[in-house]
Amino acid sequence: MAADGLAKGVEVTLPDAAATDRLGRWLGARLRAGDAVGLVGDLGAGKTSLVRGMAHGLGLDDPDAISSPTYLLVIEHAGPVRLLHADAYLPAKLQGFLADGGLEYLFEPAAVAVVEWADRICNLMPAKTLWVDVAVVPNGGRRAVLRPPAGGGFPWLANLPKMF
């Protein structure tokens with residue numbers, strides 16, 4: 001990940017799928033309109049599961065409808081604050097969309113934007129992006145490292161270790 005200039009991260013261990021969901025719900029309950037989250041991790045690391053938890057935390061109309069947007073590029077989910085869920089697995093395809101006016105749509109101030117494989121388009125992500133690296137660990141669980149932007153933001157991350 002292009003983590004240049006990002007503040008030291010907060011690391012949590014997620015022993016099972018329920019813990020990944022709890023982390024997502026915790027994050028979603030704290031995200032606000034205009035926030036951007038950049039997810040980084042290999043296939044099967046739990047990025048989409050984490051987004052599903054965020055959707056629950058945001059109070060979306062149908063959080064269980066969250067699925068990988070790989071071939072759709074961006075999926076909009078309705079709720080008190082809309083969630084724009086994007087995927088940069090195919091970076092050239094998403095970059096083309098963003099260059100054709102999609103950048104203003106994806107990062108509009110009235111919605112929360114979550115981008116999977118965001119490291120592939122890090123130059124297009126807003127400066128105030130919460131970066132979340134998710135990785136599978138040998139015991140079958142996950143490890144998540146959450147990094148706020150270097151300039152600050154997401155102060156509630158300081159409370160994360162108390163939750164996990």
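Which value in deg cm²/dmol, rounded to the nearest 500, describes the helix-derived mean residue ellipticity at 222 nm for the chain, given -39,500 (n - 2.57) per DSSP H run of n ≥ 4 and division by the residue count?
Rounded to the nearest 500, the figure is -7000 deg cm²/dmol.
Given R₀ = 35 Å, FRET efficiency for Leu90-Ala150 by Cβ-Cβ distance, to 0.05?
0.75
Can you put Ile66, Ile121, Ile75 in order of Cβ neighbours within 10 angstrom, beginning with the fewest?
So the ranking, lowest neighbour count to highest, is Ile75, Ile121, Ile66.
Defining a contact as two alpha carbons under 8 Å apart and six or more residues distant in sequence, what relative contact order in percent does the chain show?
Here the relative contact order equals 33 percent.
Between Lys8 and Leu43, what is 0.36 nm times their sequence separation minus the Cα-Cα distance? Round to one decimal in nm.
10.1 nm
Where does region 74-125 land on Rg/Rh, using Cα atoms and the Kirkwood Rh?
Radius of gyration over Kirkwood radius for region 74-125 works out to 0.95.
Of (1) -0.46, -0.54, -0.98, -1.41; (2) -0.54, -0.62, -0.95, -1.20; (3) -0.65, -0.72, -0.99, -1.18, which is the value of log10 I(q)/I(0) by the Debye sum over Cα atoms at q = 0.12, 0.13, 0.17, 0.20 Å⁻¹ derived from the coordinates here?
(1)
Values quoted throughout were computed directly from the atomic coordinates according to the rules given, and no laboratory measurement underlies them. Remember, predicted model here, so these are calculated numbers, not experimental data. Positions of Cβ are generated from backbone atoms using ideal geometry, with glycine treated the same way; all protein chains shown enter the neighbour counts.
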